[in-house]
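Peer 1: Dumping the structure here so I can ask a few things about it.
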Amino acid sequence: MTSESIHPISHIAIIMDGNGRWASINGLSRNKGHEKGTENIQSIVQRVSELKIKFLTIFAFSTENWNRPKLEVSTLMNLLFDSINKQLDYLISENIRVIHLGEKSSLPSHLQKAIYKCEQATKNNTGLTLSVALNYGGRTEILNSIIKILSTNPSPNQITFKNIEENLYTSGIPDPDLIIRTGGEKRISNFLLWQSAYSEYFFSDLLWPDFTSKDLDNAIDTYFSRQRRFGKV
């Protein structure tokens, strides 16, 4: 591998898939699978921070996930609320900044408050930026960006890529270099549709609760073995 083929990673994004199947394989309820998957996040966050990668985005709950059984959705919301509160001291001590990607207004009020508290408490941290995509959909993000632009009454033919990017949830965050999906599926599920135009993908057959920091290192090694040409020769 030549030095020309090495591209430093500034942003990793992860589609954390397989909690329910992990629970089924282990004879547990789906809720226990989500609980185990949530517990796994900290070790991955810690490893990304150790590697001095500046941005990590995790896909926690999509706009389509509202179609799941009401009890499962309710349990997920409470699990996310508990996780935010339990991890806040750790995030502060590790100099990690947390930001939310998605629409807050549809989330339960107690979860909205927890997200706001976490964002405010970590906003001045200068280490890893952890973006949590919660009630997030890529198509909705792009649509909302265009609506915001048009609300200022510009001429449609004057809209630029930069205009759209500045009005995305991820404004100010570089596009992901590497997107990892666990669980064996090979699709992007409406995740970072605009931002992933030139991302490298790594698909793992491991279910999310079984995905370790060593597996993350393996995905990164695979990334460094590739050549990113961005349309060039």
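Peer 1: For the structure I just gave you, tell me whether Glu119 is in contact with a strand residue (DSSP E or B) (Cβ under 8 Å, 6 or more places away or on another chain), free of Cβ contacts under 8 Å to residues at least 24 places away in the same chain and either under 15 Å from Ala60 (Cβ atoms) or outside any strand (DSSP E or B) (or both).
Peer 2: yes
Peer 1: Just give me the residues in region 84-125 being touching a Ser or Thr at 6+ places or on another chain (Cβ under 8 Å), surrounded by 18 or more Cβ atoms within 10 Å (Cβ to Cβ) and under 16 Å from Asn65 (Cβ atoms), in sequence order.
Peer 2: Within region 84-125, His100, Leu101, Gly102 meet the criteria.
Peer 1: Follow-up. Hey, Met77 hits all of (1) assigned to a loop (DSSP other than H, G, I, E, B); (2) in contact (Cβ under 8 Å) with a residue 24 or more places away in the chain but one; which does it fall short on?
Peer 2: Checking Met77 against (1) assigned to a loop (DSSP other than H, G, I, E, B); (2) in contact (Cβ under 8 Å) with a residue 24 or more places away in the chain, the one that fails is (1).
Peer 1: Tell me which strands (runs of 3 or more DSSP E) are completely within region 126-231 and hold 1 or more residues being open to solvent by less than 60 Å² (accessible area, probe 1.4 Å) and among the aromatic types (Phe, Trp, Tyr), or say none if there are none.
Peer 2: Strands (runs of 3 or more DSSP E) meeting the threshold: 129-136, 200-203.
Peer 1: Quick check: is even one residue across region 82-89 part of a helix (DSSP H, G or I), of a type in the set (A, V, I, L, M) and at pLDDT below 95?
Peer 2: no
Peer 1: Can you spot a residue in region 17-36 that is within 25 Å of Phe202 (Cβ to Cβ), basic (Lys, Arg) and either within 18 Å of the chain's Cα centre (by Cα) or surrounded by fewer than 15 Cβ atoms within 10 Å (Cβ to Cβ) (or both)?
Peer 2: Within region 17-36 (the criterion being within 25 Å of Phe202 (Cβ to Cβ), basic (Lys, Arg) and either within 18 Å of the chain's Cα centre (by Cα) or surrounded by fewer than 15 Cβ atoms within 10 Å (Cβ to Cβ) (or both)), the answer is yes, since at least one residue qualifies.
The values are calculated or read from the model by the stated rules, or taken from the named source; none is laboratory data. Bear in mind that the values here come from a model prediction, so they are computed numbers and not experimental data. Here the Cβ is made from the backbone with ideal geometry for all residues, glycine too, and neighbour counts use every protein chain on show. Surface areas here come from the heavy atoms of the whole protein model, side chains and all, with no ligands, DNA or RNA. Shrake-Rupley method; radii C 1.70, N 1.55, O 1.52, S 1.80 Å.
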